[in-house]
1. Six or more apart or on different chains, Cβ atoms under 7 Å: show the pairs whose first residue is in the range 77-99 and modelled with pLDDT of 95 or more and whose second is β-branched (Val, Ile, Thr) and surrounded by fewer than 19 Cβ atoms within 10 Å (Cβ to Cβ).
2. Which is under 21 Å from ILE380 (Cβ atoms) and small (Gly, Ala, Ser), of SER154, SER108?
3. Within the range 121-146, restricting attention to residues that are at pLDDT below 95 and under 20 Å from the mean Cα position of the chain (by Cα), which residue is nearest to ILE376 (Cα to Cα)?
4. Inside the range 1-54, can you point out the residues that are assigned to a strand (DSSP E or B), among the polar types (S, T, N, Q) and within 22 Å of ILE74 (Cα to Cα)?
5. Restricting the search to the range 36-64, which residues are in contact with a Leu (Cβ under 9 Å, 6 or more places away or on another chain) and modelled with pLDDT under 95?
6. Consider ARG310 carefully, then state whether it is over 25 Å from ARG211 (Cα atoms) and either surrounded by 14 or more Cβ atoms within 10 Å (Cβ to Cβ) or at pLDDT 95 or above (or both).
7. Residue check, ASP266 against (1) modelled with pLDDT of 95 or more; (2) surrounded by fewer than 22 Cβ atoms within 10 Å (Cβ to Cβ); (3) closer than 25 Å to GLN227 by Cα; (4) in contact with a Phe, Trp or Tyr (Cβ under 9 Å, 6 or more places away or on another chain), all met but one. Which one?
8. Looking only at residues in the range 209-237 that are under 28 Å from the mean Cα position of the chain (by Cα) and surrounded by fewer than 17 Cβ atoms within 10 Å (Cβ to Cβ), which one is nearest to ARG187 (Cα to Cα)?
Amino acid sequence: MSDERPAILFTAFEPSGDDLGAAAIRALKERRPDLQIFAWGGAGMAAAGATVVERTGDDAVVGLPGPGKILEHIRLNKRIAAWIEEHRPILHVPVDSPAANFPICKESKKRGIPVAHLAAPQLWAWAPWRIRKLRRLTNHVMCLLPFEPEWFQSRGVPATFIGHPLFDREIEDIAELKERDEAGPLRLGVMPGSRPKELSRHLPLMLEVLRSLRATWPELEIRFAVQEEAAAGRVRELAQESGGLPENAEIVAGEYSVARVASWADVCLTKSGTVTLHITRQRCPMVVVYRTLTIAYVLIGRWLLTTNDRAMPNLIAGRRIVDEFVPHVGGAAPIEAAVRSLLMDSGKRERVRADLETVASKFEGHHAADAAADVILNLIDQKNGPGGT
């Protein structure tokens, strides 16, 4: 380190973790500009004011890593452990990615360095027995979902609900969308994901659903939402392999694509994950899908998953308010029936919107980055206070 000021270490291994960590770093720097912050992270953390020791997350792996990636992580962990041994930060903040971060947390705890997880490992969804490991490897968990703190606290892990960063952000370009014409055609938003593996997994199934719906509603308006133009190109390529996109369907690409399409749509057909919170924020009724490999689910997945509902709006509501097929190992028929039911029944859509309003209200009054900074600074002050080191 360049001087003797207290320093914090952030470690993140995916672009989403870099974004989440960057927001917290920015809030910390606003309050304590002289605070030293080091990171294994990406461009977001660097721009927020952290000194990035090594870049990570640029080639994040979706799914199980191969042998080469595992060896790369082992070597990386050794370099981080050596840095921790030499510099002894006052606090370690692992961001998301529990599998990648747990070995580093172990190195920090071994040296008496407190650990504060930013984004709770989703142990409540699968493999809850790992809570024993988390208890050993954390001092506090900053939770992004409102039901999580009670789950962790009841199992002996200090936890705080800080809110979710997507509810902190102002959404741009929504006002440009025309008002809904109740006499016009029905509108369907489709969110198949943006990563190549996500698109390959979900898009063919979704296109099958769309073809069936168009047979009933030839005038059904359809818009796809993806994060970048490269993903839009991949949507077109995959669609060509299975008969093409529905006629006159549009693809909206960009940072606010999901919000724009969900604001426009009567109903959304979406993959599972954080995207469902974007749609919730727009109060748009949805059907949630995650297609999985039949063999993997039958042999492993169903024994590990511990909740009946897995879509985020349902988890937060504590009951099923949107139809979900997570994981889904069958064909398009049940998904098509769920979407059809929403399109046909305006009363049902209104009931779902009211439920989503209740879910979204749980995030009101919370600002994730500021709340994360509160937790982090409190832990630092505890360590530096009477009896601290």
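1. What qualifies is TRP83/VAL53.
2. Residue meeting the stated conditions: SER108.
3. PRO121
4. Correct list: THR11 only.
5. Listed by number, the list holds a single entry, THR56.
6. Here the answer is yes, as ARG310 does meet what is asked.
7. Looking at each condition in turn, ASP266 falls short on (4).
8. Result: ARG236.
The values are calculated or read from the model by the stated rules, or taken from the named source; none is laboratory data. Predicted model only: the values in this text are computed from it and were never measured. We place every Cβ from the backbone using ideal geometry, glycine too, and count neighbours over all the protein chains shown.
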